[in-house]
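The values are calculated or read from the model by the stated rules, or taken from the named source; none is laboratory data. Just so it is clear, the structure is predicted and the values come from calculations on it, not from any experiment. Heads up, the Cβs are rebuilt from the backbone with ideal geometry, glycines too, and the neighbour counts pull from every protein chain shown. Heavy atoms of the whole protein, side chains included, go into the accessibility calculation; ligands, DNA and RNA do not. Shrake-Rupley method; radii C 1.70, N 1.55, O 1.52, S 1.80 Å.
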Amino acid sequence: LHKRQTLARVLLTVLMDQLVLGFMPVSNFTYKGETHYDISELINASGIRSGDRLYKIDEKAAVARMVRECPYLKTVKIEKKFPNTVCFAVEEQEPGWYMQIGNDFYGLDFDLKVLLETYLEQDFIDRGLTKLVLPEIESVVVGELPEFASDDEQLIKESLKIVDAFRTHDIKKR
């Protein structure tokens, strides 16, 4: 009997929390973490709008949109805070490599996702980034992986893991 009462209380508490949160429209947005993006860019990328009901927010879809629209974002968590606040907890990544296609230069994360496009190679040189010479690339879109003309994408990624291991670990002379 005691277990049933405890379970009933827990279920009632969860239900009441969901009901209360469900009736509260979003009217406040915050974020935590350091980011290149301002709060309005994060809100727009999420697709969450003022007036949306907290219980109707599809967090998984919002996170996917944010990572796609804001390529520097490495991780995003969406927290719903009583009574009407959505908080974006963000972690960014910086380019780890760069490549050149024609007169354009692209900053890439360590998984080859394109983070930015510029005409100034010096920005990457000043950061101490390694320039990659990759097989022929068919297309490049910021926020996505480059599309290679051949089927060597997996081989390229595995090769870069080895290069990254040398870059991130000090190799001492024997």
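Worth pointing out:
- Within region 85-114, the set of residues being more than 27 Å from N28 (Cβ to Cβ), surrounded by fewer than 17 Cβ atoms within 10 Å (Cβ to Cβ) and not acidic (D, E) comprises Q93, Q100, I101, G102, N103.
- Cβ pairs under 9 Å, 6+ apart, first in region 113-132 and in contact (Cβ under 8 Å) with a residue 60 or more places away in the chain, second open to solvent by less than 50 Å² (accessible area, probe 1.4 Å) and in a loop (DSSP other than H, G, I, E, B): none
- Filter result for V140 (open to solvent by less than 80 Å² (accessible area, probe 1.4 Å) and either of a type outside the set (S, T, N, Q) or in contact with a helix residue (DSSP H, G or I) (Cβ under 7 Å, 6 or more places away or on another chain) (or both)): yes
- Enumeration of residues in region 97-112 that are over 13 Å from K157 (Cα atoms) and touching a residue at least 12 places away in the same chain (Cβ under 8 Å): Y98, M99, Q100, I101, N103, D104, F105, Y106, G107
- Looking across region 160-174 at every residue that is closer than 26 Å to V67 by Cβ and exposed (fewer than 12 other Cβ atoms within 10 Å of the Cβ), the one that is modelled with the lowest pLDDT is identified as T168.
- Considering residues of region 47-73 that are within 14 Å of Y31 (Cβ to Cβ) and in contact with a helix residue (DSSP H, G or I) (Cβ under 9 Å, 6 or more places away or on another chain) only, the residue most open to solvent (accessible area, probe 1.4 Å): V63
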